[in-house]
Amino acid sequence: MCDSCGCAAGTDHFRVAGSVVRPAESGEVKVLRAMLHENDYQARHNRAHFDAAHVLAVNLMSSPGAGKTSLLEATIRALKARLSVAVIEGDLETENDARRIRAAGAPAVQITTGNACHLDANMVHAALHTLDLRSIDVLFIENVGNLVCPAAFDLGQHRNVVLLSVTEGDDKPEKYPVMFRAADMMAITKLDLLAAVGDFDPALAKRHLRELANGAPVLEISARSGTGMEAWIDWLIHEAASRRRPGSAHHGAAHG
Amino acid sequence: MHELAICQALLRQIMEVAENRASERVGRIKLRIGPLAGVEPGLLRSAFPLVAAATPCEHAIIEIEDIPIRVRCQICGSTSQARSNRMLCTECGTWRVTLISGDEMLLAAVEFQDAQTFNQRERTHV
């Protein structure tokens, strides 16, 4: 998306200055700036922090109960000795998820949002300063479980991973297009329950994702049985390695 | 309901524009919102007065320009109008398309009114 005006067409179609144009006669002031300009600015600042420390920042989004924390627990155990992981946890209430992450062996910062249905770039900024970014390879930001609101707020992540558990139904990308369009990777989770659920078709879920003009990779994973974990770990290692190469600070975020 | 958070951000931005215009009120706020922005125009309209109470935007009219979703095909090059959950090329059917418009969430313009004129308008409305 175009950084100057927030539109979809990229930065080359026309230029809008950051300052406001004030015509002398009419009482109308043209602004043409993203309504979430302030959040986008903070998100770019967060991304600069991550890039300076060569940290891969991954924003995990899904509905509540899709298995984000379970996937992270399994990921921390699988990555141990290969990459160092830290987690920023977003929930309305409780420190439960952060405790689970620490028990799995990674540092975790819990953000409790109260009634806010999403994380924003300011909350992530406050949390990232409590972490030693230089000792981290991959920082997961576990967003508030919600398939609507988190999609509108750039946090400064490099990649969006959207989870879809088989118990939710394979038409979720069709029902929540804004969220799934933002995915750089779709993880179909709780694959061990596929037979019990009976009517979830991973191929159909993938087709719905493609119908959002999204060519992101799709992985089928069970954090419990370990199915698909290897491909997920390979993807993370590849993405983390690309952050450590010089000149790799390109933006992969939904609203970057 | 993240529309409230978006309204707060919008208000801060308008107040920035309104700086040094103490004698004026905000009469009209012009927004451009595409279906892929992830914000519901109806909710935005009902949330804005809550955050704008006791500010120069208090009685501002919110004008939202709907932006259609348009995509350009990466295969055949044609341009089509699309739906948010069916973003395919209408010519050749592929999903390999690039979004041209439809994810905007812009503050396009702010219209100011002299406070006196504004109050008159308010009175005639009552």
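Between residues in region B:78-106 that are farther than 24 Å from A:His37 by Cβ and more than 7 Å from chain A (Cβ to nearest Cβ) and residues that are of a type in the set (Lys, Arg) and in a loop (DSSP other than H, G, I, E, B), which pairs lie under 8 Å by C-beta distance while being six or more apart or on different chains?
B:Cys89/B:Arg96
Given the conditions (1) in a loop (DSSP other than H, G, I, E, B); (2) within 22 Å of A:His118 (Cβ to Cβ); (3) more than 12 Å from every other protein chain (Cβ to nearest Cβ), which single one is not true for B:Glu58?
Result: B:Glu58 passes all but (2).
Every residue, every condition in (1) within 11 Å of the chain's Cα centre (by Cα); (2) modelled with pLDDT of 95 or more; (3) within 30 Å of B:Ala82 (Cβ to Cβ); (4) facing chain A (nearest Cβ under 10 Å), yes or no:
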{"residue": "B:Leu4", "(1), (2), (3), (4)": "no, no, yes, yes"}
{"residue": "B:Cys7", "(1), (2), (3), (4)": "yes, yes, yes, yes"}
{"residue": "B:Met15", "(1), (2), (3), (4)": "no, no, no, no"}
{"residue": "B:Ala18", "(1), (2), (3), (4)": "no, no, no, yes"}
{"residue": "B:Ile29", "(1), (2), (3), (4)": "yes, yes, yes, yes"}
{"residue": "B:Arg32", "(1), (2), (3), (4)": "yes, yes, yes, yes"}
{"residue": "B:Gly38", "(1), (2), (3), (4)": "no, no, yes, yes"}
{"residue": "B:Pro41", "(1), (2), (3), (4)": "yes, no, yes, no"}
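I want to confirm something. Restricting to region A:111-132 and keeping residues that are farther than 24 Å from B:Glu3 by Cα and of a type outside the set (A, V, I, L, M, F, W, C), which single residue is farthest from the other protein chains (Cβ to nearest Cβ)?
A:Asp132
I'd like the residue in region B:1-37 that is touching a residue at least 24 places away in the same chain (Cβ under 8 Å) and in a loop (DSSP other than H, G, I, E, B) and, out of all such residues, is farthest from A:Tyr41 (Cα to Cα).
If we take residues in region B:1-37 being touching a residue at least 24 places away in the same chain (Cβ under 8 Å) and in a loop (DSSP other than H, G, I, E, B), then B:Ser23 is farthest from A:Tyr41 (Cα to Cα).
Which condition breaks for A:Met185 when tested against (1) out of contact with any His (no Cβ under 7 Å at 6 or more places or on another chain); (2) touching a residue at least 60 places away in the same chain (Cβ under 8 Å)?
Here A:Met185 clears every test but (2).
The values are calculated or read from the model by the stated rules, or taken from the named source; none is laboratory data. Because the structure is predicted, anything quoted here is derived from the model rather than measured. Here the Cβ is made from the backbone with ideal geometry for all residues, glycine too, and neighbour counts use every protein chain on show.
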